[in-house]
Amino acid sequence: MSSHRQSRKRRYVTWGVAGVAVVAGAGIAAQTSMAATTWPAQKTFTGRAFDTCAAPSLSAMKAWHTGFYGAAAVYIGGKNRGCAQPNLTASWVKSVSTLGWKLIPLYVGAQPPCQTGSSPEKISAATAASLGASDAADAVAKAAALGMKAGSPVYLDMESYDITNKACNDAVLTYVRAFDKALRAKTYRSGYYGFTSSSAKAIANATDKTDLPGNMWYALWDKTNTTTSDWPFAKTQWTDHSRGHQYMVNSKETIGGVTITVDRDAWDGPVAITG
């Protein structure tokens, strides 16, 4: 997610290597724990994925559908989303899904109060809970409008911040819990993108696991296509097809005559339900 940007450009200028962490427990169990809720079967993809700031054109997606990548992350919304998305429509989602692509919905919500730099939307202690709930409602609306049905995951993008700042970290956790709780109330699975040394680590190490994400997408730029051998958290965390790993960023690649700069991801987790 070098695209998990509050602007892709700003992200690389502001942040160096950071880390991601997630909530403990089996992801599927965490997603299905809502009482009296019948969850659609999870749609899972295992293989290589890519993310890039703006969804590529349909013609580019056709050219790139060679088997090297099987899934693509798309930025469905959030006030801190860094790129315009002229291609990202319900028609595009249907067309690329018909081609065989699996899609990973990413939402760039409010960012930590102690994060350096300016953001269009930041968390505060006073607004964390209400903002998390309202952002989740927006994420569900955006996903549904694109044809991503109930049972799909939404990955909340949280960029790097100082997790030793307790007030800041507490506000982030409050926001994340409110976001996840509201997602699940609408029968969307909760996911999280973060850095193994900061934003993901905060989730993984949280003592109270209530309403934390059931799927972890961790940024660890070690150029290793795996979700297991370099897994930085407890082995019991995010099991059962609940992991993604952004392992390489800013990779300029040409496939089928079309060149796109992408981030590479190893994927073993839920993807959007579009059929």
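The values are calculated or read from the model by the stated rules, or taken from the named source; none is laboratory data. All values derive from a computational prediction rather than experimental measurement. Reconstructed Cβ throughout: ideal geometry from the backbone, glycine too, with neighbour counts over all protein chains shown. To get the accessible areas, we keep the full protein, side chains included, count just its heavy atoms, and leave off ligands, DNA and RNA. Shrake-Rupley method; radii C 1.70, N 1.55, O 1.52, S 1.80 Å.
Only one of Ser124, Ser160, Ser152 is over 22 Å from Ser198 (Cα atoms), touching a helix residue (DSSP H, G or I) at 6+ places or on another chain (Cβ under 9 Å), at pLDDT 95 or above and not aromatic (Phe, Trp, Tyr); which? On inspection, the qualifying residue turns out to be Ser152.
Looking for whichever is at pLDDT below 95 and either under 28 Å from Pro40 (Cα atoms) or out of contact with any Gly (no Cβ under 6 Å at 6 or more places or on another chain) (or both) here; the options are Asp263, Asp240. Which one fits?
Asp240
Inspection of segment 179-200 identifies at least one residue that is of a type in the set (Asp, Glu) and under 15 Å from Ser152 (Cβ atoms).
If you check Ser3, Ser7 for being touching a Cys at 6+ places or on another chain (Cβ under 6 Å), of a type in the set (S, T, N, Q) and modelled with pLDDT under 50, only one passes: Ser3.
The set of residues in segment 37-53 being in contact (Cβ under 8 Å) with a residue 40 or more places away in the chain and either open to solvent by 20 Å² or more (accessible area, probe 1.4 Å) or among the charged types (D, E, K, R) (or both) consists of Thr37, Trp39, Pro40, Ala41, Gln42, Lys43, Thr44, Phe45, Thr46, Gly47, Arg48, Asp51.
Quick check: anything in segment 157-174 within 27 Å of Thr89 (Cβ to Cβ), surrounded by 23 or more Cβ atoms within 10 Å (Cβ to Cβ) and among the charged types (D, E, K, R)?
yes
With the structure loaded, tell me whether Asn205 is open to solvent by 40 Å² or more (accessible area, probe 1.4 Å) and within 19 Å of Ile104 (Cβ to Cβ) or whether it fails that test. So Asn205 does not fit the description; no.
Among the strands (runs of 3 or more DSSP E) confined to segment 170-275, the ones with at least 3 residues that are over 25 Å from Trp39 (Cβ atoms) are located at 243-255, 258-270. The number of residues in segment 150-174 that are farther than 29 Å from Ala41 by Cβ and either of a type in the set (S, T, N, Q) or out of contact with any His (no Cβ under 9 Å at 6 or more places or on another chain) (or both) comes to 15. Just to be sure before I move on: is Ala145 of a type in the set (A, V, I, L, M) and open to solvent by 20 Å² or more (accessible area, probe 1.4 Å) in the structure I sent? Judged against the criteria, Ala145 is a match. Of the residues screened, Thr236 is not one that is in contact with a strand residue (DSSP E or B) (Cβ under 9 Å, 6 or more places away or on another chain), open to solvent by less than 30 Å² (accessible area, probe 1.4 Å) and farther than 22 Å from Gly78 by Cβ. Six or more apart or on different chains, Cβ under 6 Å: which pairs go from a residue in segment 84-102 that's within 15 Å of His65 (Cβ to Cβ) and open to solvent by 50 Å² or more (accessible area, probe 1.4 Å) to one that's at pLDDT 95 or above and not small (Gly, Ala, Ser)? Could you list them? Cβ pairs passing all conditions: Leu99/His65; Lys102/Phe45; Lys102/Val271.
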